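The values are calculated or read from the model by the stated rules, or taken from the named source; none is laboratory data. All values reported here derive from a predicted model rather than from experimental measurement. Here the Cβ is made from the backbone with ideal geometry for all residues, glycine too, and neighbour counts use every protein chain on show. Note: accessible area is taken over every heavy atom of the protein model, side chains too, but ligands, DNA and RNA are not part of it. Shrake-Rupley method; radii C 1.70, N 1.55, O 1.52, S 1.80 Å.
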Amino acid sequence: MLVLLANLAFNPWFARWRSLALMAGYDQVYERDSVPHDAGVRAEMPLAGTGLYPRMITFNADSAMSAWLGSDVRFTVDFTFADFEPWRGYSAIFDPDDPLHGAYVGAYYVQGLGRELTDAEVTRVAEFDQRGFALPALGLGFAESQFDVLSSDAASVSFAGRDWTSYQAAVLTNCPEHTPDGFLASYLQFGTPPATDQQYPACRMAAQIDVTYLPAEDLTIGLYVMTTSEQETAALRDQVSLRTEIIQH
């Protein structure tokens, strides 16, 4: 039993199982105080067979998003990323040769604005998620990161029994690969990245966010996919976003 516990704690071959075990406990804490929990509305996103890590990670940041948007809101993001290859000590999110390099998939929940998000606010939510949460967790501070929208367009779509505004954008931001300089808590989740001569390089990403507003709950839900290729983003949107169920209870 001691040998098993030691391997789970330190052996890189067990990085995926260590991550899943730790994130299960982490999620229990954050989900209890999340927007979807309190609103009674959740986006159930199917992950099986997609190459993604098999659970959503929940993070709440009410005060930070309120300051960023200039309005008193509640904010939760559920997200996942590239799964671990068998017996490899880190997620494929760090692998420039993997189709899911730098990719994130998930759902935004913004509550309390009293109206729908504007197009500009949708972009600001995505930017702050990347520069304020995702990249700092991996060691790159807000001031050193970038999130530049190179092009974008919007269209109306319907799925999951609701009307959505679908935003497509090309974005220049930072990819996550870097050489570790000490320990980061996020390495328990993503594994420890391999050494590289690329430190958070600028990457052109293809992003898509499908946004709907529930007036009774004053709740905006945004289902997002961001990868390094338009083809991969479109494929994951078909597999995950467009098959999402909005569960109310």
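Quick look at the values:
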| read-out | value |
| --- | --- |
| All positions within the stretch 159-196 that are open to solvent by less than 60 Å² (accessible area, probe 1.4 Å), polar (S, T, N, Q) and under 26 Å from ARG124 (Cβ atoms) | THR165, SER166, THR173, ASN174, SER186, GLN189 |
| Those residues of the stretch 210-225 which are in contact (Cβ under 8 Å) with a residue 12 or more places away in the chain and open to solvent by 20 Å² or more (accessible area, probe 1.4 Å), in sequence order | VAL211, TYR213, GLU217, ASP218 |
| Output for the stretch 155-191, where each listed residue is more than 23 Å from ARG131 (Cβ to Cβ) and part of a loop (DSSP other than H, G, I, E, B) | ALA160, GLY161 |
| Scope the stretch 86-118; condition acidic (Asp, Glu) and within 19 Å of the chain's Cα centre (by Cα); matching residues | ASP95, ASP98 |
| In the stretch 226-245, residue nearest to the chain's Cα centre (by Cα) [restricted to those that are part of a strand (DSSP E or B) and surrounded by 18 or more Cβ atoms within 10 Å (Cβ to Cβ)] | MET226 |
| Of residues in the stretch 1-47 being modelled with pLDDT of 90 or more and β-branched (Val, Ile, Thr), the one surrounded by the most Cβ atoms within 10 Å (Cβ to Cβ) | VAL35 |
| Matching residues in the stretch 143-163 - criterion: being aromatic (Phe, Trp, Tyr) and under 25 Å from CYS203 (Cβ atoms) | PHE147 |
| Where CYS203 falls short, out of the listed (1) in contact with a Cys (Cβ under 7 Å, 6 or more places away or on another chain); (2) assigned to a loop (DSSP other than H, G, I, E, B) | (2) |
| Residue tally, condition under 21 Å from LEU117 (Cα atoms) and acidic (Asp, Glu), over the stretch 207-244 | 3 |
| Enumeration of residues in the stretch 100-126 that are crowded, with 22+ Cβ neighbours inside 10 Å and part of a helix (DSSP H, G or I) | VAL122, VAL125, ALA126 |
| Criterion violated by ASP129 - all others in (1) within 27 Å of ARG42 (Cβ to Cβ); (2) in a strand (DSSP E or B) satisfied | (2) |
| Residues located in the stretch 48-84, provided they are surrounded by fewer than 20 Cβ atoms within 10 Å (Cβ to Cβ), without any contact (Cβ under 8 Å) to a residue 60 or more places away in the chain and touching a helix residue (DSSP H, G or I) at 6+ places or on another chain (Cβ under 6 Å) | ASP72 |
| Count of residues meeting criterion [open to solvent by 60 Å² or more (accessible area, probe 1.4 Å) and in contact with a strand residue (DSSP E or B) (Cβ under 9 Å, 6 or more places away or on another chain)] in the stretch 135-145 | 1 |
| Which listed residue is open to solvent by 30 Å² or more (accessible area, probe 1.4 Å), out of contact with any strand residue (DSSP E or B) (no Cβ under 8 Å at 6 or more places or on another chain) and outside any helix (DSSP H, G or I), from ASP97, ASP148 | ASP97 |
| Unmet requirement for GLN199, which otherwise passes all of (1) open to solvent by 50 Å² or more (accessible area, probe 1.4 Å); (2) more than 14 Å from GLY139 (Cα to Cα) | (2) |
